[in-house]
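Worksheet for the structure shown next.
The values are calculated or read from the model by the stated rules, or taken from the named source; none is laboratory data. Note that the coordinates shown come from a computational prediction; the quantities given were computed from them, not determined experimentally. Cβ placement follows ideal geometry from the backbone for every residue including glycine, while neighbour counts extend to all protein chains displayed.
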Amino acid sequence: NAGVMQNPRHLVRRRGQEARLRCSPMKGHSHVYWYRQLPEEGLKFMVYLQKENIIDESGMPKERFSAEFPKEGPSILRIQQVVRGDSAAYFCASSPQLSGHGYTFGSGTRLTVV
Amino acid sequence: AQTVTQSQPEMSVQEAETVTLSCTYDTSESNYYLFWYKQPPSRQMILVIRQEAYKQQNATENRFSVNFQKAAKSFSLKISDSQLGDTAMYFCAFMPPTQGGSEKLVFGKGMKLTVNP
């Protein structure tokens, strides 16, 4: 089992461009979470998805950010028209079910907006 | 809203010594889960230990143990026989009961632990 795979590991975008971050959950895991880690901060919840459904997006900024988890393929976090304040590490995590056991994190994508 | 506070931003310890990392949280819930995650320079978030609030017994995982004081809303992590590989950022995290089918983690700001040879 390869674990939670995120790519790319590093992503550099110019202001105004789009950033697409990918996450493949662990095999058998149907629950995907996205978190953002700003410099010198802990992780902050963004969104929780199951296959083809957004369950909780209470942590997502209202504009420019969107997420999907299609029936086939990885989960995608998309940031349109990036700004310098979007520079952060974005982590994906997955779990097989809701159980209170926490989940397995990927290694994150570090987004730098120049 | 639940909050998690890690008041010590940084600590250092000598190899083989014992160190305790502090964490407090605020919640009105009675059932919840608490976690300690480790983030080494590789940036990978690694689960260290987990505690269920309805269990009085403190969780233990090899060299890692917790002191869970529910009334005081305190959840400290003790690392025994510290090793160089324990050098990392450590994050305390709180998970409230499942709400609307979502299990969100609320993280503290983290604490940088350095183990010196």
Filter the range A:32-64 for residues that are assigned to a strand (DSSP E or B), touching a Lys or Arg at 6+ places or on another chain (Cβ under 9 Å) and facing chain B (nearest Cβ under 9 Å) and give the result.
A:Tyr33, A:Tyr35, A:Gln37, A:Leu43, A:Lys44, A:Phe45, A:Tyr48, A:Asp56
Do we find a residue being modelled with pLDDT under 95 and of a type in the set (Gly, Ala, Ser) anywhere in the range A:4-23?
no
Residue check, A:Gly108 crowded, with 19+ Cβ neighbours inside 10 Å, at the interface with chain B (Cβ under 8 Å from one of its Cβ atoms) and not hydrophobic (A, V, I, L, M, F, W, C):
yes
Which one of A:Ser107, A:Ser94 is modelled with pLDDT under 95 and outside any loop (DSSP other than H, G, I, E, B)?
A:Ser94
Can we say A:Gly42 is farther than 19 Å from A:Asn7 by Cβ and surrounded by fewer than 21 Cβ atoms within 10 Å (Cβ to Cβ)?
no
Options A:Val47, A:Val12: the member that is surrounded by fewer than 14 Cβ atoms within 10 Å (Cβ to Cβ) and among the aliphatic types (A, V, I, L, M):
A:Val12
